[in-house]
Amino acid sequence: MIYSNTILIYLFLIFIPKGDIYFMDKDNQIHKYDKQIVIENISILMKDKGVTQAELAKGIGVSQSRISDCLRGQRDFTLSQFVDIANFFETSTDKLLGFTPVTAKADEATLADVLQKLFDIEQLININMERIDIIDQNALPFDTGAQETYLALYFKNDALEKNLEEWAAVDSITTQDAEMKKKLLRLWKEEALSTAKSRKAKWNFRNEEEEGKILYEHITEWYEDFKINSVLQPNVDTRINITKEELELAEKYVRKNLHSLSFDAYDALDSAEKFGLGLQFSK
């Protein structure tokens, strides 16, 4: 979630008989809700990202007339709508409320902001660093200045690599309509984020079926060794190191793809059940 502590405490709204609305921030300070500031900030975000009222309405699951009425000050956004708008624009409720500027000047950012983003990424996936030489393809032959050395950051992850390649492809689309380019990028980012939600870090950012396939292949590889060892070396420890969740994912993959798998796919699962965690699989 992107929204800040402000919205968590914003649940405790105070309604004054005159119609004014107040709320308490994270420092227990009482503030008056300024509807016009919120309207202006949402309007700035819509213009900056090329979002229409219809697109915003669809994004948060309300009618366009509702958005129109709220932006004209005739109605108020509900708490859930307010949170949904912050998430839609990938911003904080602090910014919508006017605690921090919606648009920050470039000279207000610092190197610390960039480093913090990299540190946050490092918590989720390993960042590799390496110095690489890049040659200017437009340089003249024997131009000694055509090659420069840079420190490159890269990721060894198939799923992330695929997304980065798609991002680069969309970003490389040439068009004279700058707003159309913004919309294309925004639509791709929305789709990429939606799809990526099923790719968990504990699966190395694979989705459920991809992880199930890898686990099934791990089980079948063990099963082939198991069949040989059970005859030639019956006293050898043949247990498989696999968890209950992993076995269930492998079984789900087998159920979905049984028509294209080996005839003894369930035999492999049954053996993993017996010599792994003792799980009972239904066929």
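Every number in this text was worked out from the coordinates using simple rules, so none of it is lab data. Computed from a predicted structure; not experimentally measured. Don't worry about glycine lacking a Cβ; one is built from the backbone with ideal geometry, like all the others, and counts go over all protein chains shown.
A few points about this structure:
- Dipole axis of the range 163-283 (+1 Lys, Arg; -1 Asp, Glu on Cβ), positive-most option in L269, I228, G212: G212
- For the range 208-277, lysine pairs separated by 8 or more sequence positions, or belonging to different chains, with Cα-Cα distances below 17 Å total 6.
- Counted charge near I242, where neighbours are those whose Cβ lies closer than 11 Å (Asp, Glu -1; Lys, Arg +1): -2
- For L151, the shell of other residues with beta-carbons less than 10 Å away shows a net charge of 0, using +1 for Lys and Arg and -1 for Asp and Glu.
- Among the chymotrypsin sites (Phe, Trp or Tyr not before Pro) within the range 213-273, those in coil by DSSP and having at most 14 neighbouring Cβ atoms inside 10 Å are F263.
- Length added when fully stretched, S63-I44, from 0.36 nm per residue minus Cα-Cα: 4.8 nm
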